[in-house]
Amino acid sequence: MVYYDKNGIVIRDLQQSDAQIITDEEIAQGWDATVDKYEKRLKHQAEGKAVALAAEWNGSIAGYVNVYPDAKCGAYADRGYAEIVDFGVLEKYRCRGIGSKLMDIAEQIAFSYSDVVYLGVGLHSGYGSAQRMYVKRGYIPDGSGVWYKDQICEPYCDCCNDDDLVLYLSKHKSESVFSGSESE
């Protein structure tokens, strides 16, 4: 399914052929990537557990994001809230509006399932641009503190500033402002 197609940006369902392309591109930019992550998202999509999206820029895969309508982990697990998971735009395609449009579509899908959408964002510097973007989009911390390896990180306990150290943020549908207009 195609959700958006304008000005060189296409947002559509993730396809099997995208998994290896994204993995290869992430490895080329120095990330520790495996195809397993994308194959898992495709499996969840096929099972109806998730909506897995891909973004294209002028015909090339540029990014991805996933929406879990009834998330089973994280700060809002099993409360009927939608979670946005694993958002990314490949470095060579950044600063073109792709990430904003990808998040617009992900939020529209998430809000069709629940009035609250949430996400976890990593705390190391590699997540800096995502942290700023989520704040600009109206996400606020959920108040549970920092999580590590899918558990609340208790005060003064040991953890590692890796991809598993996250802060959960949420946004209510009434606070949502999409960057595009309804006619797009």
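Every read-out reported here was derived from the displayed coordinates using simple, explicitly stated rules and does not represent laboratory data. Quantities reported herein were computed from a predicted structural model and do not represent experimental measurements. Heads up, the Cβs are rebuilt from the backbone with ideal geometry, glycines too, and the neighbour counts pull from every protein chain shown.
At a glance:
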{"quantity": "Most mobile of Y148, Y81, Y64 in a GNM of the chain (Cα contacts under 10 Å)", "calculated": "Y148"}
{"quantity": "Dimensions in Å of segment 3-111 - Rg and Dmax from alpha carbons", "calculated": "13.5, 39"}
{"quantity": "Given K37/K72; K92/K173; K6/K72, the pairs whose alpha carbons are separated by over 29 Å", "calculated": "K92/K173; K6/K72"}
{"quantity": "More than 15 Å apart - percent of Cα-Cα pairs taken over segment 48-120", "calculated": "50"}
{"quantity": "The chain, relative contact order [Cα under 8 Å, separation at least 6], %", "calculated": "17"}
{"quantity": "Residue exposure sequence - E39, E56 - by fewest surrounding Cβ within 10 Å", "calculated": "E39, E56"}
{"quantity": "In sequence order, calculated HN-Hα J values of segment 115-132 (Karplus, 6.51, -1.76, 1.60; Hz; x Gly/Pro)", "calculated": "7, 10, 10, 9, 7, x, 10, x, 9, 7, 4, x, 9, x, 5, 5, 4, 5"}
{"quantity": "Per-residue [θ]222 nm for the chain (sum of -39500 (n - 2.57) over DSSP H runs n ≥ 4, rounded to 500)", "calculated": "-8000 deg cm²/dmol"}
{"quantity": "Taking L102, L123 and counting other C-beta atoms within 10 Å, the order from fewest to most", "calculated": "L123, L102"}
{"quantity": "Radius of gyration and Dmax over the Cα atoms of the chain, both given in Å", "calculated": "15.8, 50"}
